[in-house]
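Notes follow once the structure below has been shown.
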Amino acid sequence: MLADCLDRGIYTSPAHSAAWSGLDIFSVCNLYSMTKGQDAIREIAKAWDDRTGNMPPLSGIFPDYAAPVVWNGEAGRVLSMMRWGMPSPAFALKNKKTDPGVTNVRNTKSPHWRRWLGVQHRCVVPFTSFSEYEKQPGQSPTPVWFALGDDRPLAFFAGIWTSWTSVRKLKEGETTNDLFGFLTTDANREVGAIHPKAMPVILQTAEEIDRWLTAPTEDALEMQRPLPDDSLQLVAKGNREDVA
């Protein structure tokens, strides 16, 4: 399960050897890049406990990949690597042997997601660009990349995380992992021209990051809204990585 929606589809990911049968990978953002250095993440997000090691540029982050996440630790904000995909709702796992996770969360009123909306489970996910898939009749879906500018400035998705024991892949067996996903909302004009259903919830400033990570839940959820129109640029098309 890859997205908090109802569309069905098949997806072949570099992270998995076979096609996934689950929620439609093309329904919301399920591919993004993070190519800025750790210093920039730490400075903007005020995360001085860096547990990521020597992190290389990540030009194509797919579901279940490990990616950097900033979260509230006991002594301050922590930057660490987590696997992309929150635990799936129980109904979606009926007769399933694995849980590849849910990457995007839309329905924050669901009891399944409400348990992780408190400060201790909120996080921000750094990115430099994200992809939505353009669908044309008779053609394979095409990745279209969006960023806040041609120079791919650093920004953050508003996310949630948890530590969870499950079977992500049969060959791994049961494992315990730190997992994350990020919120989606209505698409703005730029994203909606390619994909009208949804876009990620994006935070651009240190003040917005502080609010998402520290505010009471009701206040924080007011940030689940699209960026204003004309905030994003289409910066690449056709590639499964954004290497610029």
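Here, each number is a calculation from the coordinates, and none is a lab measurement. Keep in mind the model is a prediction, meaning the values are calculated, not measured. All Cβ positions, even for glycine, are placed from backbone atoms using ideal geometry, and neighbour counts span all protein chains on display.
May I ask for the longest run of the chain untouched by trypsin sites (Lys or Arg not before Pro) that are loop-located per DSSP and have at most 16 neighbouring C-beta atoms (other than their own) within 10 Å?
Longest gap between qualifying sites, sites excluded: 172-239.
Going Cα to Cα from K109, which aspartates and glutamates come in below 19 Å? Please leave out same-chain ones fewer than 8 positions away.
Candidates past the 8-residue exclusion: D4, D186, E218, D219, E222.
Which entries of K46/K135; K46/K96; K36/K94; K197/K237 show an alpha-carbon separation above 31 angstrom in the structure shown?
Beyond 31 Å: K46/K135; K46/K96; K36/K94.
At 0.36 nm per residue, and after removing the present C-alpha to C-alpha distance, how many nm does the segment from Q204 to W48 gain when stretched out fully?
Extending this stretch completely gives an extra 54.2 nm.
Could you give the size of the charge dipole of the stretch 28-237 about its Cα centre, using +1 on the Cβ of each K and R and -1 on the Cβ of each D and E, expressed in debye and rounded to the nearest 20?
Rounded to the nearest 20 debye, it is 920 debye.
Which distance in Å, rounded to a whole number, links the C-alpha centroids of the stretch 36-62 and the stretch 65-114?
Taking the Cα centre of the stretch 65-114 as reference, the centre of the stretch 36-62 is 19 Å away.
Residue by residue, what Karplus-based ³J(HN,Hα) values in Hz, rounded to whole numbers, does the stretch 52-62 have, using 6.51, -1.76 and 1.60 with θ = phi - 60° and x for Gly and Pro?
Along the stretch 52-62, the couplings run 8, x, 8, 8, x, x, 10, 7, x, 9, 9 Hz.
Where does each of L183, L170 land when they are ranked from fewest to most other beta-carbon atoms within 10 angstrom?
L170, L183
Calculated from DSSP H runs of 4 or more alone, at -39500 (n - 2.57) each and per residue, what is the 222 nm mean residue ellipticity of the chain, nearest 500?
Calculated mean residue ellipticity at 222 nm is -3000 deg cm²/dmol.
For the chain, which longest stretch is free of loop sites, where a loop site is one of the GluC sites (Glu not before Pro) that DSSP puts outside H, G, I, E and B and that has at most 14 other Cβ atoms within 10 Å?
Between the exposed loop sites, the longest stretch runs 75-171.
Sort the stretch 93-156 into rounded, prolate or oblate with this rule: let a ≥ b ≥ c be the square roots of the eigenvalues of the Cα gyration tensor; rounded if a/c is under 1.5, and if a/c is not under 1.5, prolate when a/b is larger than b/c, oblate otherwise.
Working: a/c = 2.67, a/b = 1.23, b/c = 2.16.
Oblate.
At a 10 Å Cβ-Cβ cut-off, how would you order V243, V105, fewest neighbours first?
The most exposed by this proxy come first: V243, V105.
Which distance in nm do the two modelled labels at K169 and Q38 give, with both placed 7 Å along the Cα-to-Cβ direction?
A separation of 2.4 nm, rounded to one decimal place.
Please work out whether the stretch 66-121 counts as rounded, prolate or oblate from its C-alpha gyration tensor, where a ≥ b ≥ c are the square roots of the eigenvalues and a/c under 1.5 means rounded, while otherwise a/b larger than b/c means prolate and anything else oblate? Walk me through the numbers before you get to the answer.
Details: a/c = 2.77, a/b = 1.57, b/c = 1.76.
Because a/c hits 1.5 or more and a/b fails to exceed b/c, the stretch 66-121 counts as oblate.
Using the count of nearby Cβ atoms within 10 Å as a rough guide to exposure, how do H195, H121 rank from fewest to most?
Lowest to highest Cβ neighbour count: H121, H195.
If I stretch the segment between K97 and M55 completely, what's the gain in nm (0.36 nm per residue apart, minus their alpha carbon distance), one decimal?
Values: separation 42, 0.36 × 42 = 15.12 nm, distance 3.22 nm.
Contour length minus Cα-Cα distance gives 11.9 nm.
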